Amino acid sequence: MIDRRTLLLASMAALLPAGALAARDRPSPVTLDYGPAKLDIYAPDGAKNLPVAFFVHGGAWMFGKRSQVGAKPAFLLANGFVFVSIDYRMLPEADVATQAGDVEKAYAYVRANIARYGGNPNRIAGMGHSAGCHLIALTGMRGGLPGVAALVLDDTRAYDLAALSKDGGMVGAYARVFSDPSQWAALSPASHVDGKKHPPTFIAYSRAPGRGEESKAFAERLRATGTAVTLFDGSAYTHMSINGDFGTDGDALTVKVMAFLKANVG
């Protein structure tokens with residue numbers, strides 16, 4: 001009898017692009033301790049001076065782990081990137097402000113050490129999905145990722161928490177995680193946008209409720225600073241598939257993200 005895990009791996013293998021590795025044959029990472037938590041570095045053999053994708057996973061700020069990366073490592077390595085995926089401390093152990101600090105510590109560690117694994121510290125793109133999208137947007141906008149070459153923001157509503165509350169979106173996980181209104185300004189990426197130009201930014205949104213509206217408003221705020229913004233209408237995707245499909249054959253978001261990365265870091 002074929003178990004569920006075998007079926008899942010077989011399905012993922014069928015979705016991988018030609019020449020990429022199946023999930024069960026994912027390249028083995030180097031696991032390092034950056035202080036608060038650990039991170040994984042995936043690098044091609046003989047890598048030298050390659051662009052780097054620095055990825056922060058989602059999970060409603062409460063769960064998730066660095067190994068939940070799907071086809072990303074195999075696909076990005078096959079396309080000439082070093083790939084990094086990080087853990088960060090979760091609620092309730094660590095609040096969102098602490099999580100953002102963890103992301104910044106992990107980024108600083110990677111920037112200081114990635115050359116020995118074949119990555120170029122001046123060609124790093126910060127990427128994140130869901131809660132990880134919020135954390136990359138927050139740290140990127142407030143200057144916590146110095147020297148970052150580009151940002152890829154994948155599907156969150158948490159760009160402007162005060163505006164989200166007025167629109168009735170402060171419910172469910174958002175209400176639990178951002179229960180203190182006095183912290184909304186500091187933890188909103190939008191609060192840190194004005195007054196400076198930011199790295200080129202790719203913003204994708206799914207058909208999940210409110211994602212399009214918040215993403216478009218954030219994109220316009222960024223564009224007003226002179227920041228180059230690419231906005232991707234991902235209404236064909238669910239909140240999970242817009243992340244899980246990345247690196248699979250024929251995926252529209254993957255094509256657009258890769259064009260953006262090649263233009264800005266690759």
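None of the figures in this text is laboratory data; all of them are computed from the coordinates on show. The structure displayed is predicted, hence computed values, not measured ones. Quick reminder, even Gly has a Cβ in these numbers, built from the backbone with ideal geometry, and neighbours come from all protein chains shown.
Descriptive notes on the structure:
- Residue-wise HN-Hα coupling along region 69-82, computed from phi with Karplus coefficients 6.51, -1.76, 1.60 (Hz; x: Gly, Pro): 10, x, 7, 4, x, 4, 5, 5, 4, 5, 9, x, 10, 8
- Under the Karplus curve 6.51 cos²θ - 1.76 cosθ + 1.60, θ = phi - 60°, whole-Hz ³J(HN,Hα) for region 122-129, x wherever Gly or Pro sits: 9, 10, 9, 9, x, 10, x, 10
- Here is the tail figure for region 114-266: Cα pairs spaced more than 29 Å apart come to 15 percent of all pairs.
- Helix-only mean residue ellipticity at 222 nm for the chain, each DSSP H run of n ≥ 4 adding -39500 (n - 2.57), per residue, nearest 500: -10000 deg cm²/dmol
- 5 angstrom amide H check on G128, placed H, neighbours 5+ away: V56, V152, D154
- Residue exposure proxy: T201, T238, T254, ordered by other Cβ atoms within 10 angstrom of their Cβ from fewest to most, comes out as T238, T254, T201.
- Region 34-264, relative contact order in percent, only Cα pairs under 8 angstrom and at least six apart counted: 19
- Rg over Rh for the chain works out to 0.95, using Cα positions for both radii and the Kirkwood form for Rh.
- Virtual spin-label span in nm between K197 and S67, 7 Å along Cα→Cβ: 4.4
- Estimated distance in nm for a label pair at R207 and T225, the labels positioned 7 Å out from Cα along Cα-to-Cβ: 3.3
- Computed from backbone phi with θ = phi - 60° and the Karplus coefficients 6.51, -1.76 and 1.60, the 3J(HN,Hα) list for region 240-250 is 7, 6, 5, 9, x, 7, 4, x, 8, 4, x Hz; x is used for glycine and proline.
- Region 47-67-region 184-259 distance, computed between alpha-carbon centres (Å): 17
- Highest-MSF residue in the chain out of D155, D180, D194 [GNM, Cα springs under 10 Å]: D180
- What the Cβ-Cβ distance of A175 and N122 gives, at R0 = 25 Å and to the nearest 0.05, is a FRET efficiency of 0.05.
- Charge sum, other residues only, whose C-beta stays under 14 Å from V255's C-beta, Lys/Arg counted +1 and Asp/Glu -1: -2
- Electrostatic tally near D154: other residues with Cβ closer than 12 Å to its Cβ, Lys and Arg +1, Asp and Glu -1, net +1.
- Put the Cα centre of region 100-125 next to the Cα centre of region 138-153 and the gap is 12 Å.
- Calculated FRET value between S28 and S235, using beta carbons and R₀ = 30 Å, to 0.05: 0.25
- In summary, the helical segments of the chain meeting the span-like criteria, namely a full DSSP H run, a Cα extent along the axis of 24 angstrom or more and a mean Kyte-Doolittle hydropathy of at least -0.5, are 96-113.
- Among the listed pairs K166/K262; K65/K256; K216/K262, those beyond 31 Å (Cα-Cα): K166/K262
- In this structure, the amide hydrogen of K38, modeled 1.01 Å from its nitrogen in the peptide plane, lies closer than 5 angstrom to those of D87, counting only residues at least 5 positions away or on a different chain.
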